[in-house]
1. For segment 100-233, what Kirkwood radius comes out of the mean inverse Cα-Cα distance, in Å?
2. So, in nm, how far is label Asp304 from label Ile94 when the simple model puts each one 7 Å beyond its Cα toward the Cβ?
3. Using only the alpha carbons of the chain, what is the convex hull's orientation-averaged projected area in square nanometres?
4. If I model a spin label at Asp69 and Asn113 as a point 7 Å from the Cα along the Cα→Cβ vector, what separation in nanometres do I get?
5. Counting Lys and Arg as +1 and Asp and Glu as -1, each charge on the Cβ, what is the dipole of the chain about the Cα centre in debye, to the nearest 20?
6. Give, in nm to one decimal, the length gained when the segment between Arg386 and Ser146 is fully stretched (0.36 nm per residue of separation minus the Cα-Cα distance).
7. Around Asp303, under 10 Å between beta carbons, what's the net of Lys plus Arg minus Asp minus Glu among the other residues?
8. Just to be sure I understand the rule: take each whole DSSP H helix in the chain, project its Cα atoms onto its long axis, keep it if the span is 27 Å or more and its mean Kyte-Doolittle hydropathy is at least -0.5. Which ones pass?
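Taken together, the values in this text are just the output of simple stated rules run on the coordinates, not laboratory data. Quick caveat, the model's predicted, so the values are computed rather than measured. As a convention, Cβ positions derive from the backbone with ideal geometry for all residues, glycine included, and neighbour counts pool all protein chains shown.
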Amino acid sequence: MDSEPEFAAKPALFVTGASGFVGRSVLQAIEPADYLRIVLLSRSELILPENLSQAENITVVTAAIHEVDLYSQYLDTGCQVLHLAALTGKAPRIEHFNVNAIGTGHLVKAAANANVARFVFVSSIAVSFKDREGYYYAESKQQAESIVAASSLDYCIVRPTIILGQRAPVWNSLSALAKGPLIVQPGDGRAKIQPIDVDDLVQLLVNLLSTNNYCNKILELGGPDTITMGEFLQRIHWRYRQQKGLIIPLPLSLIMWMLRFVERHITEALPVSSGQFTSFCNDGTIVLNPFIAEHQTGMKGIDDMLDGLMESEPKFDGSLVELECEVYSRYLTGQLTDHYVLAKYLEAVKLGGCLAELIVTPFDRFLARLSVVHPVLTRSVDGFCRFFYRAAPIRKKLIFLLAVMETRGTTADKFDQVDVKPRVRIFLDLVVQSTISGLLIGIATLVLLPLRRILNRGATTEVKV
């Protein structure tokens, strides 16, 4: 460990990705009086938290990471840079590399030219995965790490594990798999994870900014507890159901092989990528280092994190029906609905209307839960029901919503507009969409057909098809 003293004068702070999940938590933890000035870079409009809203030394720059001319004047020799900006999810490969690698290169060059005092780059534990094929986020982050390490900057690269907190994307995905009647588990559940609470991560980042220690190092950051993915899903299930859950394993190797095959032949982004499943087949744990060893004792363990997340979980009320309407609308039209359509849907579902009390079997309840996780899963469930369960409540809800939306000018145009693309492009789009639909329906059928029999065993009220 280096033994250089901490910064004596007030530094300036430059934060990228300020509107992201981690970025929002960083803003809430910042004390304006600790910095000469604070510059926040965000691609979208930024709403400042209460602790920053009245501060006079805050500057918000609305720009992308590659628009260097819009922010380079805020970088100087007394500046500390916290680089959080990144593209995640299922975007095409080229977009991941344009933002995460090339964009980082632009920032690094500008920071090096300004001779900034400190550069902390937040990467990902996924960079250390043994199998990263098709995981463009991890591949682009690794390239970005190389760019930072090859620079003249005083840098520190951090690789957080799974980050948990309110509105964490990964929490939304994992809880959706575990909170239903059964646990939907991709793979065998033996991959190890070491989740870290977002507030603990933010405090570690602030500590790294304020010290010259760990110069030109790569630090892996994780919480104090290690657990298998399967056990983690069980603990989530227990908090929702107060009982141990029956696991429905998904054929992970088959799913990833099929997705990778399609990805090699289709350049457009699929609804889900093979890379997004890599956390279920790679260990996401850290190599212990002196920095994390020094701070891990006071950090939240897995049970504390889960308890906190459950306390913030919304209770069942109209908001879940609204979520259902929102997700189904995005599936049908690719856009959110308006207040009129939402009101009609709420009336039909909640107030004794035509959609009230449709859910009569455990399998119906499972489909209802699964279908609101994401429009991709809505598509999968709908495709399955078209062939194997045409009387499913979800299909009745989709048909009702479709009928209402066709009466509204704001959404009717989505159904009536004429496709003016060249015939070749229309044909290629048809091939792509058919391939995607076939893949989703195939996976859904493998899982849902046996699941329907298991869940409805002993149930006598199922509607016969």
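1. Details: mean 1/r = 0.0608 Å⁻¹.
Hydrodynamic radius (Kirkwood, Cα only) of segment 100-233 equals 16.4 Å.
2. Taking the two extended label points, one gets 4.7 nm.
3. On the way: hull surface 97.9 nm².
It is 24.5 nm².
4. Inter-label distance under the simple model: 1.2 nm.
5. The calculated dipole for the chain is roughly 2160 debye.
6. Working: separation 240, 0.36 × 240 = 86.40 nm, distance 4.86 nm.
Result: 81.5 nm gained on full extension.
7. Details: positive: Arg235, Arg239, Lys300; negative: Asp225, Asp304, Asp307.
Combined, the nearby Lys, Arg, Asp and Glu give 0.
8. Helices passing the filter in the chain: 423-455.
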